[in-house]
1. As an exercise, find the ratio Rg/Rh for the range 110-267 from alpha-carbon atoms, using the Kirkwood inverse-distance average for Rh.
2. Taking the highest mean first, how do the peptides 182-195, 30-43 order by number of other beta carbon atoms within 10 angstrom per residue?
3. Can you divide the C-alpha Rg of the range 129-189 by 2.2 N^0.38 Å and report the result to two decimal places?
4. Percent antiparallel among DSSP beta bridges with both residues in the chain, to the nearest 5?
5. Distances longer than 16 Å among the Cα atoms of the range 57-111: what percent of all pairs is that?
6. For residue 148 and residue 125, what is the calculated FRET efficiency with R₀ set at 25 Å and r taken between the beta-carbons, to the nearest 0.05?
7. Only Cα pairs under 8 Å and at least 6 apart count here; give the relative contact order of the chain as a rounded whole percent.
8. Remind me, relative contact order of the range 56-212 in percent, using alpha carbon pairs under 8 angstrom and six or more residues apart?
């Protein structure tokens, strides 16, 4: 896994999964540009500070991905920091409104698909020409366990499950786009994959839900280190055209689970979150 000297752009990196992946890539010598909306600039600054404190290279670019004009030149802006983008991690996503699929309004549908599908496609198309020219590139799109309809009985209130339907549909579309693009790029040296948490990643935004569910179903919760480990495997390896869950990939690869420093082994695919210590065990 030789990533030193590569350049990565990670969206939605002001916290959570995006921050964890950015830190892990930086630990392997990747120069990382992190981006999120201007509202999250403090989080981006903190991400950069954490990377630099560990000896890595980082820069930030604020962009509202919901604005088409703002994201049009994002990859070029990011490349100005350290050079052409070798690795693109499309992590940014959102749910503008929780609404039943029979009632969700057009404006909410449009903004949801624009952020969760159109923006990753736009950024990928911006990054592809230089990746193809250099015959090496990695595009990793972050998906969701919600792409699969939950089994009956539901793990929570029915209206909450149904309220995620449009979000899940956007992630399903992203997965299908990713696999189709991977097929198109076969043999080019540019690899495209999708990665999702096995159930729920224990991030700042999902902490309350994760603790509630983890009280009875601890195996449904995983640390951000699990996602960062799986992301690093996909980016540093020779995988192409996968839509895979984090734990599944670690188990198939028989890979240890590392801390975000990329060196300290803290577990494996079976590791559960220790809520008291807010880490893995």
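1. 0.99
2. Details: 182-195: 18.3, 30-43: 21.1.
Sorting 182-195, 30-43 by mean packing, highest first, produces 30-43, 182-195.
3. Details: Rg = 16.4 Å, N = 61, 2.2 N^0.38 = 10.5 Å.
For the range 129-189, the normalised Cα radius of gyration comes out at 1.57.
4. Working: 4 of 32 bridges.
Antiparallel bridges make up about 10 percent of those DSSP assigns within the chain.
5. Working: 832 of 1485 pairs.
The answer is 56 percent, as a whole percent.
6. Numbers: r = 28 Å, r/R0 = 1.11.
After rounding, the FRET efficiency stands at 0.35.
7. Values: 550 pairs, mean separation 49.3, N = 281.
Relative contact order here is 18 percent.
8. Details: 187 pairs, mean separation 40.4, N = 157.
It rounds to 26 percent for the range 56-212.
Bear in mind these aren't lab numbers, they're just calculated from the coordinates by the rules spelled out. For clarity, every value in this text was computed on a predicted model and none was experimentally measured. Quick reminder, even Gly has a Cβ in these numbers, built from the backbone with ideal geometry, and neighbours come from all protein chains shown.
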